[in-house]
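Okay, so here's the structure we're looking at.
The values are calculated or read from the model by the stated rules, or taken from the named source; none is laboratory data. Values in this document were obtained by computation on a predicted structure and should not be read as measured data. Neighbour counts run over all protein chains shown; Cβ positions are idealised from the backbone, glycine included.
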Amino acid sequence: MVSWSEPDEKTFVARLQARDERAFNDLVHHFERRVFALVFRMLGNRVEAEDLTQEVFVQVFKAIDQFRGDSKLSTWIFRIAVNLCKNRNKYLKRRHSNRQDDIDSLGDRSAMNQAKGTTSGSIDRPDDMLVGRQLERIVQLAIQQLEEDFREALVLRDVEDMSYEEISEITGLPIGTVKSRIHRARERLREAIESMLGEKVS
């Protein structure tokens, strides 16, 4: 994720609030990949994730005047993304269309083996690549089986590699609750993966 110094971020936000089109394009360029990765793993559906990613930036542009710099711009953007994901999940559940796509759909956007704590490292041999891809799909499906609150905490921490403080700001939860939820999410993820594999995960 892009990182600006405080003066630079203030200047950048001022440009966004002035409706500077180039600044908005820069914002999308810097954050689109991370936002898509988060949204995809929250929804498990590539088409929905692509649509919602666009909606995130539309909402950011509409609401940028409300940004006061109390948190980092990135934290504010992810808060919008998480809230939109929650709303979209409720909508999808009502329509009974909350299906998961193959993990391949994430493609070159953001490889799961770049995530912290949930997948194996780099893979070289073709046979290992197949095993690695299958494992990534199992992990993605297992994440989708988690209750939404646990999935949210796990994705923000172990996939997006955010600090407890950032997750607290995004979710509005106390840090203690965040830590507890992440711990329980990891346990449930391990149980789901073990159930799919039919064996214990070390």
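Tabulated values for the structure
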| read-out | value |
| --- | --- |
| Count of residues meeting criterion [under 23 Å from Ser163 (Cβ atoms) and touching a Leu at 6+ places or on another chain (Cβ under 9 Å)] in the range 54-85 | 10 |
| Pairs with Cβ under 9 Å, 6+ apart, first in the range 160-188 and on the phi < 0 side of the Ramachandran plot and in a loop (DSSP other than H, G, I, E, B), second hydrophobic (A, V, I, L, M, F, W, C) and surrounded by fewer than 18 Cβ atoms within 10 Å (Cβ to Cβ) | Glu160/Met1 |
| Test: residue in the range 72-82 that is buried (at least 18 other Cβ atoms within 10 Å of the Cβ) and over 18 Å from Leu156 (Cα atoms) | no |
| The range 6-46, subset of a type in the set (Gly, Ala, Ser) and surrounded by 15 or more Cβ atoms within 10 Å (Cβ to Cβ), residue farthest from Glu152 (Cα to Cα) | Ala23 |
| Close pairs (9 angstrom Cβ cut-off, 6 or more residues apart or separate chains): farther than 15 Å from Gly44 by Cβ and in contact (Cβ under 8 Å) with a residue 24 or more places away in the chain in the range 79-92, aliphatic (A, V, I, L, M) and surrounded by fewer than 16 Cβ atoms within 10 Å (Cβ to Cβ) anywhere | Ile80/Ala63 |
| Flag if Glu55 is at pLDDT below 90, among the acidic types (Asp, Glu) and more than 19 Å from Ile143 (Cα to Cα) | no |
| Selected residue (criterion: farthest from Trp76 (Cα to Cα)) from residues of the range 167-176 that are out of contact with any Phe, Trp or Tyr (no Cβ under 8 Å at 6 or more places or on another chain) and surrounded by 16 or more Cβ atoms within 10 Å (Cβ to Cβ) | Leu173 |
| Residues located in the range 177-202, provided they are surrounded by fewer than 18 Cβ atoms within 10 Å (Cβ to Cβ), farther than 19 Å from Lys86 by Cβ and not charged (D, E, K, R) | Ser180, His183, Ser195, Met196, Leu197, Gly198, Val201, Ser202 |
